[in-house]
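Enquirer: One structure, as structure tokens, below. Some questions next.
The values are calculated or read from the model by the stated rules, or taken from the named source; none is laboratory data. Quick caveat: nothing in here was measured; it's all calculated off a predicted structure. So basically every Cβ, Gly included, is an ideal-geometry build from the backbone, and we count neighbours across all protein chains shown.
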Amino acid sequence: MVLICNAPEGQVVHYLIGSFGKRTGSHVKVRAKVPPHVNHLIVYTQYPDLAARDWFESSDRVIFLSDWSEVLKLLKLSHGLGTRLAVYPSADIQYSP
């Protein structure tokens with residue numbers, strides 16, 4: 001699964017959930033877990049920032065990339081040529097139980 005988070009202004013730092021200031025940990029941990037049927041979650045952005053990492057579990061299955069050619073390389077390596085895919089125009093309300 002590839003999630004594209006291209007926000008030139010950066011991700012929103014949430015006052016309760018995000019990490020900022022002297023404390024790097026937040027009061028509430030709300031981190032998306034990769035569903036068991038998803039081998040890897042690739043989070044792609046041309047504008048990497050630390051705040052975006054707060055929203056995902058720390059896992060070898062979560063990969064942050066800022067080079068689109070690296071995303072394609074990893075997908076070809078994992079799935080081979082001729083792989084079919086689905087594109088969601090927005091990840092705002094996507095949920096994979």
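Enquirer: Against the definition (surrounded by 10 or more Cβ atoms within 10 Å (Cβ to Cβ), at pLDDT 70 or above and assigned to a strand (DSSP E or B)), how does V38 come out, yes or no?
Expert: It is false that V38 is surrounded by 10 or more Cβ atoms within 10 Å (Cβ to Cβ), at pLDDT 70 or above and assigned to a strand (DSSP E or B).
Enquirer: Looking at the stretch 54-87, which of the residues that are loosely packed, with under 10 Cβ neighbours inside 10 Å and among the small types (G, A, S) is nearest to A32 (Cα to Cα)?
Expert: Filtering first and then ranking leaves S58.
Enquirer: Of everything in the stretch 13-35 that's surrounded by 12 or more Cβ atoms within 10 Å (Cβ to Cβ) and among the basic types (K, R), which residue is modelled with the highest pLDDT?
Expert: By that ranking, first place goes to K33.
Enquirer: Which of the residues spanning the stretch 51-62 are more than 13 Å from C5 (Cα to Cα) and aliphatic (A, V, I, L, M)?
Expert: The one that is more than 13 Å from C5 (Cα to Cα) and aliphatic (A, V, I, L, M): V62.
Enquirer: So in the stretch 41-53, with the set limited to residues that are assigned to a loop (DSSP other than H, G, I, E, B) and modelled with pLDDT of 80 or more, which one is surrounded by the most Cβ atoms within 10 Å (Cβ to Cβ)?
Expert: Checked the stretch 41-53; the qualifying residue surrounded by the most Cβ atoms within 10 Å (Cβ to Cβ) is T45.
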